[in-house]
1. How about Lys79: which lysines have a C-alpha closer than 17 Å to its C-alpha, ignoring those fewer than 8 places off in the same chain?
2. What is the spin-label model distance, in nm, from Thr130 to Glu51 if the labels are put 7 Å beyond Cα along the C-beta direction?
3. Label-point separation (nm) for Val43 and Trp171, each offset 7 Å from Cα along Cα-to-Cβ?
4. Loop only per DSSP, at most 12 neighbouring Cβ atoms within 10 Å: give me the chymotrypsin sites (Phe, Trp or Tyr not before Pro) in the stretch 2-105, ordered by residue number.
5. Could you compute the net charge surrounding Lys30? Neighbours are other residues with a C-beta less than 9 Å from the C-beta of Lys30; K and R count +1, D and E count -1.
6. Just check the stretch 2-73 against the gyration tensor rule for me: Cα atoms, a ≥ b ≥ c as the square roots of the eigenvalues, rounded for a/c under 1.5, and otherwise prolate or oblate depending on whether a/b exceeds b/c.
7. Assuming 0.36 nm per residue, please report the length gained on full extension of the stretch Arg244 to Phe31 beyond their Cα-Cα distance.
8. Check each of the trypsin sites (Lys or Arg not before Pro) in the stretch 1-90 and keep only those in coil by DSSP with at most 13 other C-beta atoms within 10 angstrom; list them in order.
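Bear in mind that the values in this text are calculations on the coordinates, not laboratory data. A quick note: this is a predicted structure, and the numbers were derived from the prediction, not measured. Here the Cβ positions follow ideal geometry from the backbone for every residue, glycine too, while neighbour counts run over all protein chains shown.
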Amino acid sequence: MLKSMTGYGVVQGKVGTKHVVVETKSVNHKFCEVNLRLSQRYVPLEGRIIEYTKSFFSRGRIDVLVRDEPHPSDLGLAKIDLKRLGGYYDTLKKAAAKLKIKDDIAMSTLLALPDVIVTHEEEALEKTWTALKPLLKVSYESLEKMRQKEGGSLTKFLKTQLELLEGESQWIEKRIPENVETHRKNMAERVSKIINGLEIDPQRLAQEVAYFVDRSDISEEMFRLATHIKHFHNLLGNEGEIGRKLDFLLQEMNREVNTLSAKAQSAEISQHVVECKHLIEKMREQVQNVE
């Protein structure tokens, strides 16, 4: 089954004594791009988090947010980092003086700044990673589940459009012999009017019809289009990274349909060719979101 590149996952837990929220979301992207927003103490783990994320996902832009959350149970352990608080205060006072702001800086403003209130001693890096990794895993699994669900909807949509495209192509293929016969009759009528009732040379007329058939022969295009449709349908049942393959097949289908449009020489057939192009375009829009 297909997997979408769109999804969302979130989990809460504890790393050391702090409550943590891990939030992941993904959108479509040509490759696998991981973007991180981390609380300060997780920055040294950036490389590990990116590597771990890429072990779950092969395509998509993956945004990972890891933040420490204040929690009532942390209050009894709270301490104020006076050195950091003083640094913030001095910086803000200088900025206020430069901007000629007279209001004093409230303590509540200072306490809300990052890492002023600390609730634990810094854990060792390995200990932090050991506690954080399972939370990442749960969040990624939640995201993956949503991507699979979205992929199921995409599969149904693509199958429906593919069946419609197959129906249109089969209609065109069946219409070709009738189109040739219509052209032969029209040509005979036009020639009759021009020569005022004189007998038409059957051999010459046959040559002109043969020329038309050769010029408007779309058997190769129809065969390749049918092959691409069959291949596309088979890929929909495959696992793994198939979005690029589907997109390539749709490009090839579009190329064959454009050739059909040039060769058709029939208003009725041209209408169905336009519908084929419309169906292919609708599928291409959705395939951009397939992993």
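1. By straight Cα distance, Lys79 reaches Lys18.
2. 1.8
3. Taking the simple label geometry, Val43 and Trp171 are separated by 6.2 nm.
4. Working: sites: Tyr8, Phe31, Tyr42, Tyr52, Phe56, Phe57, Tyr88, Tyr89; in loops: Phe31, Phe56, Phe57.
Those that pass, being in a loop and sparsely packed, are Phe31.
5. That works out to +1.
6. Numbers: a/c = 2.85, a/b = 1.85, b/c = 1.54.
The shape class here is prolate.
7. Numbers: separation 213, 0.36 × 213 = 76.68 nm, distance 1.03 nm.
My answer for the length gained is 75.7 nm.
8. Values: sites: Lys3, Lys14, Lys18, Lys25, Lys30, Arg37, Arg41, Arg48, Lys54, Arg59, Arg61, Arg67, Lys79, Lys83, Arg84; in loops: Lys3, Lys30, Arg59.
Loop-located and lightly packed - Lys30.
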